[in-house]
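Novice: Just passing along the structure, written as structure tokens.
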Amino acid sequence: MDHDFSLILTFVGGLAAALLFGLIARKLHLSPLVGYLLAGVAVGPYSPGFVADSHTVEQFAELGVILLMFGVGLHFHLKDLIAVQKVAVPGAVVQISVATVLGVLVGWMFGWSAISGLVFGMAISVASTVVLTRVLEDNQNLHTPGGHVALGWLVVEDLFTILLLVLIPAVMEARQSGAGDWGGILSELGWMFVKLALLVALTLFAGKKVIPLVLRYVARTGARDLFTLAVLVIALGVAVCSAEFFGASMVLGAFLAGMVVGQSDFCARAAAEAMLMRDAFAVLFFVSVGMMFDPMSVGDCWPLALATLGVVMIGKPLAAYVVVRCLRRPVPLALSVSVALAQVGEFSFILAGIGLMYNILPPDANQAIILAAVVSISLNPILYRQIGPAVKWLQKRGIGLADPGGVNSMALPAPDARRVVLVGFGPTGRILKRILNDNGVEVIIVEMNIDTVTAIREQGGDIVYGDASQREILRHAGIEYAESLILSASIPDAKEIVGVALELNPHIDVMIHTKYMRDVDILKEAGASQVFSSESEVALSMAEYFLREGGADDEQIVSERQRIRAELDREMPGVSVAGHS
């Protein structure tokens, strides 16, 4: 019982500390990740007061890592990488190589072995997806050429990290098992690659048939909690099976499971349903990292931390800037990408943890990485906001702003300005889609009926499966750059949907179909620009029917319709009736 209470106390205490420090970080306009790391320091063994059970937090953190990698797999789309491959692939390779070499030099300066320097350099060469995405979103650059290149760059870094997470344990275990010569190590690696190839084949080919069938069956039950449970079971189940039966990293299994789900009709809904669990356990991952930091070690490891910070905030971005410019891209794009990558990512901690586990890295290395992470993640949003003024300063002096290759040569089409997100695809939704398409408007459908989703997908239509009240679903539908949102059916969560839509796109025009006239004022106050009531439309249709049956002519019917509209408008101002507002 005491153990159970300790587990609960650690879970609640860790999350509460993360909440408190996360709020403080946001209040100071810093990334919440900084708050989570500091929360770990506060509840760690090196600080007075409440001390969380490190073993329990590490177990929760492992779940966070698995769900993080499942999320990476969900959002990994090869076509997105191909679109920016000419910049992102060579850029990431060169930047990782430069950071690794600099890491080796730092290690040599502090008397480390070559292998220690290599692992250290590779750990600090990768950036945080969470931080980069947040910075791009806050500055409205997520859907720009610079945003696309930076995200593609991170995809390459993530793939590189996954490869390291597989190779480093395999090499170290081969050495520890007695296969210390290169022949034995290569033999062990060869057998490992055979097992990995079998795991990848089973997951991507067999899993591609089985996993969507399971999710489709669960989705048809209509039970939201069952779908969430199914997604978690798939993510954790494939991760555990990959470790138990193939000797691979659970991280790799989770990534592969995410890829399979991400290529199915369930991608958007799976991301939305799993996000809450993922975020909660990912927070504990950052808390667990902070718990390893000893504030008293700063006096001893500050030279190493300063050198690490130099690699992260000078070496990495400078390498990225030079590569982008050498690839004949403009200065604004080079600045955007290089500054966005000038921070330490969550996978840096994972690689450093593996280095500590196999005694490759000294404890001071981890302390330095944590310190560099707190500083770089704190400064990154501030530095990114200075890109605009820097570009204007350069423009005034005409320095290096010619576009030899040109942003336009990047094959990154700008989002279509005429785009509408249509929630619900019943009779009204089908009519609206046809009319909008006939007028050259692109329509993205959001629908909860999986059979409808499958049918539309087979016809080549753009449709997202999921609940439109969830932020992730609307993002998948491209709400940020849509001109209108239409709720074609009466939806209980309409007010919540309007709130999320306006938060993601404050300029969007929202049109709603509601059943009852009493809901009109509520929806208008929530931000809807037009509200169409079924009750009003029925009143008009029935009145017209009785007038015609009574022998009224067209002029009388039109006059009566106008009178009814005026009456309804007095009773419910703001309601739209048959096109009248």
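The values are calculated or read from the model by the stated rules, or taken from the named source; none is laboratory data. This one's a predicted model, so the numbers in the text were calculated from it and none came from an experiment. Quick reminder, even Gly has a Cβ in these numbers, built from the backbone with ideal geometry, and neighbours come from all protein chains shown.
Novice: Considering each of L226, L213 in turn, give the residue that is of a type in the set (A, V, I, L, M), touching a helix residue (DSSP H, G or I) at 6+ places or on another chain (Cβ under 9 Å), surrounded by fewer than 22 Cβ atoms within 10 Å (Cβ to Cβ) and at pLDDT 85 or above. Explain how you work it out, then say what you get.
Specialist: Working: L213 fails: touching a helix residue (DSSP H, G or I) at 6+ places or on another chain (Cβ under 9 Å).
From the options L226, L213, the qualifying one is L226.
Novice: Related question: Condition test on L20, is it in contact with a Lys or Arg (Cβ under 7 Å, 6 or more places away or on another chain) and either among the hydrophobic types (A, V, I, L, M, F, W, C) or assigned to a loop (DSSP other than H, G, I, E, B) (or both)? Spell out the reasoning first.
Specialist: Working: in contact with a Lys or Arg (Cβ under 7 Å, 6 or more places away or on another chain): no; either among the hydrophobic types (A, V, I, L, M, F, W, C) or assigned to a loop (DSSP other than H, G, I, E, B) (or both): yes.
So L20 does not fit the description; no.
Quick grid of which residues meet (1) at pLDDT below 80; (2) part of a helix (DSSP H, G or I); (3) hydrophobic (A, V, I, L, M, F, W, C):
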{"position": "A274", "(1), (2), (3)": "yes, yes, yes"}
{"position": "D279", "(1), (2), (3)": "yes, yes, no"}
{"position": "V283", "(1), (2), (3)": "no, yes, yes"}
{"position": "F286", "(1), (2), (3)": "no, yes, yes"}
{"position": "V289", "(1), (2), (3)": "no, yes, yes"}
{"position": "F293", "(1), (2), (3)": "no, no, yes"}
{"position": "S297", "(1), (2), (3)": "no, yes, no"}
{"position": "A307", "(1), (2), (3)": "no, yes, yes"}
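Novice: Give segment 233-270 a look and list any residue that's under 16 Å from V218 (Cβ atoms), in a helix (DSSP H, G or I) and of a type in the set (G, A, S), or say none.
Specialist: Once the filter is applied, which keeps residues that are under 16 Å from V218 (Cβ atoms), in a helix (DSSP H, G or I) and of a type in the set (G, A, S), segment 233-270 yields A235, G237, A257, A268, A270.
Here's the yes/no breakdown for (1) surrounded by 14 or more Cβ atoms within 10 Å (Cβ to Cβ); (2) over 41 Å from the mean Cα position of the chain (by Cα); (3) modelled with pLDDT under 80; (4) not polar (S, T, N, Q):
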| site | (1), (2), (3), (4) |
| --- | --- |
| V500 | yes, no, no, yes |
| E503 | no, no, no, yes |
| D553 | no, yes, yes, yes |
| I564 | yes, yes, yes, yes |
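Novice: Can you name the number of the only condition in (1) closer than 26 Å to F193 by Cα; (2) in contact with a Phe, Trp or Tyr (Cβ under 9 Å, 6 or more places away or on another chain); (3) crowded, with 21+ Cβ neighbours inside 10 Å that L236 fails?
Specialist: (3)
Novice: Which of the residues belonging to segment 29-55 are part of a loop (DSSP other than H, G, I, E, B), in contact (Cβ under 8 Å) with a residue 60 or more places away in the chain and within 14 Å of P295 (Cβ to Cβ)? Explain how you work it out, then say what you get.
Specialist: In the first step, residues of segment 29-55 are kept if they are part of a loop (DSSP other than H, G, I, E, B); the result is 29-31, 44-53.
Now narrow it down to the ones that are in contact (Cβ under 8 Å) with a residue 60 or more places away in the chain: 29-31, 44-47, 52.
Within segment 29-55, G44, P45, Y46, S47 meet the criteria.
Novice: Just to check your reading of the model, which residue among I491, I508, I512, I479 is in contact (Cβ under 8 Å) with a residue 60 or more places away in the chain, on the phi < 0 side of the Ramachandran plot, touching a strand residue (DSSP E or B) at 6+ places or on another chain (Cβ under 9 Å) and of a type in the set (V, I, T)?
Specialist: Numbers: I508 fails: in contact (Cβ under 8 Å) with a residue 60 or more places away in the chain; I512 fails: in contact (Cβ under 8 Å) with a residue 60 or more places away in the chain; I479 fails: in contact (Cβ under 8 Å) with a residue 60 or more places away in the chain.
Result of the check over I491, I508, I512, I479: I491.
Novice: Considering only residues of segment 355-379 that are among the hydroxyl-bearing types (S, T, Y) and under 29 Å from the mean Cα position of the chain (by Cα), which is modelled with the lowest pLDDT?
Specialist: Going residue by residue through segment 355-379, those that are among the hydroxyl-bearing types (S, T, Y) are 358, 376, 378.
Checking the rest, the ones that are also under 29 Å from the mean Cα position of the chain (by Cα) come to 376, 378.
Working: S376: 89, S378: 86.
My answer is S378.
Novice: Identify the residue in segment 129-156 that is under 15 Å from the mean Cα position of the chain (by Cα) and within 18 Å of T100 (Cβ to Cβ) and, among all such residues, is surrounded by the fewest Cβ atoms within 10 Å (Cβ to Cβ).
Specialist: Ranking the qualifying residues of segment 129-156, first place goes to L154.
Novice: Answer with yes or no whether A468 is at pLDDT 85 or above and within 18 Å of I445 (Cβ to Cβ).
Specialist: Judged against the criteria, A468 is a match.
Novice: Looking for something surrounded by fewer than 18 Cβ atoms within 10 Å (Cβ to Cβ), at pLDDT 75 or above and of a type in the set (G, A, S) - is there at least one such residue anywhere in segment 101-109? Outline the logic, then answer.
Specialist: Of segment 101-109, the ones surrounded by fewer than 18 Cβ atoms within 10 Å (Cβ to Cβ) are 101, 105, 108-109.
Still in the running and at pLDDT 75 or above: 101, 105, 108-109.
Then keep just the ones that are of a type in the set (G, A, S); that gives none.
So far as segment 101-109 goes, no, none of its residues is surrounded by fewer than 18 Cβ atoms within 10 Å (Cβ to Cβ), at pLDDT 75 or above and of a type in the set (G, A, S).
Novice: Also, I was wondering about something else. Looking at S336, S249, S242 in this structure, which one is polar (S, T, N, Q), without any contact (Cβ under 8 Å) to a residue 60 or more places away in the chain, assigned by TED's automatic domain parsing to the domain that holds A365 and out of contact with any Lys or Arg (no Cβ under 6 Å at 6 or more places or on another chain)?
Specialist: Numbers: S336 fails: without any contact (Cβ under 8 Å) to a residue 60 or more places away in the chain; S249 fails: without any contact (Cβ under 8 Å) to a residue 60 or more places away in the chain.
Among S336, S249, S242, only S242 is polar (S, T, N, Q), without any contact (Cβ under 8 Å) to a residue 60 or more places away in the chain, assigned by TED's automatic domain parsing to the domain that holds A365 and out of contact with any Lys or Arg (no Cβ under 6 Å at 6 or more places or on another chain).
Novice: Might you check whether a residue that is of a type in the set (F, W, Y) and over 21 Å from G345 (Cα atoms) occurs anywhere in segment 14-32? Give the steps one after another, and end with the answer.
Specialist: Narrowing segment 14-32 to residues of a type in the set (F, W, Y): 21.
Now drop any that are not over 21 Å from G345 (Cα atoms), which leaves none.
No, there is no match, as no residue in segment 14-32 is of a type in the set (F, W, Y) and over 21 Å from G345 (Cα atoms).
Novice: Evaluate segment 253-271: report whether one residue or more is over 20 Å from the mean Cα position of the chain (by Cα), modelled with pLDDT under 85 and of a type outside the set (D, E, K, R). If you could, list the steps in order and put the result at the bottom.
Specialist: Step one: filter segment 253-271 for residues over 20 Å from the mean Cα position of the chain (by Cα), giving none.
So far as segment 253-271 goes, no, none of its residues is over 20 Å from the mean Cα position of the chain (by Cα), modelled with pLDDT under 85 and of a type outside the set (D, E, K, R).
Novice: Kindly evaluate D265 against the criterion of being assigned by TED's automatic domain parsing to the domain that holds L361 and among the acidic types (D, E). Even if it seems obvious, please write down each step before you answer.
Specialist: Details: assigned by TED's automatic domain parsing to the domain that holds L361: yes; among the acidic types (D, E): yes.
Judged against the criteria, D265 is a match.
Novice: Residues to consider are S338, S348; find the one that is on the phi < 0 side of the Ramachandran plot and modelled with pLDDT under 90. Show your work before the answer.
Specialist: Numbers: S338 fails: modelled with pLDDT under 90.
Testing whether each residue is on the phi < 0 side of the Ramachandran plot and modelled with pLDDT under 90 leaves just S348.
Novice: In segment 423-443, which residues are under 23 Å from F227 (Cα atoms) and part of a strand (DSSP E or B)?
Specialist: V423
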